[in-house]
Amino acid sequence: MSTDAEELRAVTRIVESLIARTDSGPFREPVDWKGMGLWDYPDVISELMDLGTVLKKIRQGKYENVNDVRDDVRTVFNNCMTYNTEGSDFYTLGESYLLRFDSMFGKLAMYGGEREKRKVEMGQGRPGLEQKKTFAENLFKVNGDDLGHVVQILDQKDPKSLSPVAANSGDNEPNVEINIDMIRSDVFWDLDAYLKKCRARETGNKRKR
């Protein structure tokens, strides 16, 4: 399961836990401003949102990442605080829910960041800037045969990371440019390990001489 999918499942549990609270009634469904005679509600609140709608959008796959979910959930409580007078029961309730959600989401973001860091250290997950820099340096230093092997692997497993460039005069071989930022994480780590082996082999050969 991808990191994004795991995080979406985690934030779904947060939203479900908020809905399950006994005092979450005002936030579970769209505000019935017509039924309650709140005729100025659409003028004051530009983006209508409620927790039930958020949960429905999650289950329908409408969100690309957890930050989009976070924004909608915060809108629910910010709407409550915007429409109601500060210090009123509804304002206080909205504020308490906003603080509770921010705390829960903050722990999720912190956990996700640490998990991603551990994955990178283990040669998994999305590579960071330092890993890409080292990859580029090793790519530049390997010999032509090893570089050709890298290009061949990318052509087979991740062709989107290769871009054709104009060939030099008299060069019969097609030239390609490797876009490191476009390489899939699993392919990146496989090639990263290969490049490090190539560099270690070349360093060993130089010492023997």
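The values are calculated or read from the model by the stated rules, or taken from the named source; none is laboratory data. Note that the structure is predicted; figures quoted are calculated from it, not measured. Glycine gets a Cβ as well: all are built from the backbone with ideal geometry, and neighbour counts include every protein chain shown. Accessible surface is based on the protein model in full, side chains and every heavy atom, while ligands, DNA and RNA are left aside. Shrake-Rupley method; radii C 1.70, N 1.55, O 1.52, S 1.80 Å.
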Scope the range 1-31; condition open to solvent by 50 Å² or more (accessible area, probe 1.4 Å), in contact with a helix residue (DSSP H, G or I) (Cβ under 6 Å, 6 or more places away or on another chain) and either farther than 18 Å from residue 89 by Cβ or aliphatic (A, V, I, L, M) (or both); matching residues: 29
Cβ-Cβ distance below 6 Å, separation of 6 or more or different chains: which pairs start in the range 142-168 with a residue that is over 22 Å from residue 186 (Cα atoms) and end on one that is open to solvent by less than 60 Å² (accessible area, probe 1.4 Å) and modelled with pLDDT under 90? 165/175; 167/175
Could you grab me the full set of residues in the range 1-53 that are of a type in the set (A, V, I, L, M, F, W, C) and closer than 14 Å to residue 70 by Cα? 8, 10, 11, 14, 15, 18, 49, 51
Top-ranked residue in the range 155-170 [being open to solvent by 60 Å² or more (accessible area, probe 1.4 Å) and assigned to a loop (DSSP other than H, G, I, E, B); ranked as modelled with the highest pLDDT]: 166
Taking the condition in contact with a Lys or Arg (Cβ under 9 Å, 6 or more places away or on another chain) and either of a type in the set (A, V, I, L, M) or open to solvent by 60 Å² or more (accessible area, probe 1.4 Å) (or both), does residue 34 pass? no
Residue by residue through the range 67-94, note down the ones that are over 19 Å from residue 47 (Cα atoms) and surrounded by 18 or more Cβ atoms within 10 Å (Cβ to Cβ). 93
Has the range 31-52 got any residue that is touching a residue at least 40 places away in the same chain (Cβ under 8 Å), assigned to a helix (DSSP H, G or I) and of a type in the set (Ser, Thr, Tyr)? yes
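Quick grid of which residues meet (1) among the aliphatic types (A, V, I, L, M); (2) farther than 28 Å from residue 126 by Cβ; (3) within 19 Å of the chain's Cα centre (by Cα):
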| residue | (1), (2), (3) |
| --- | --- |
| 9 | no, no, yes |
| 17 | no, yes, no |
| 27 | no, yes, no |
| 46 | no, yes, no |
| 59 | no, no, yes |
| 65 | no, no, yes |
| 88 | no, yes, no |
| 92 | no, yes, no |
| 98 | yes, yes, no |
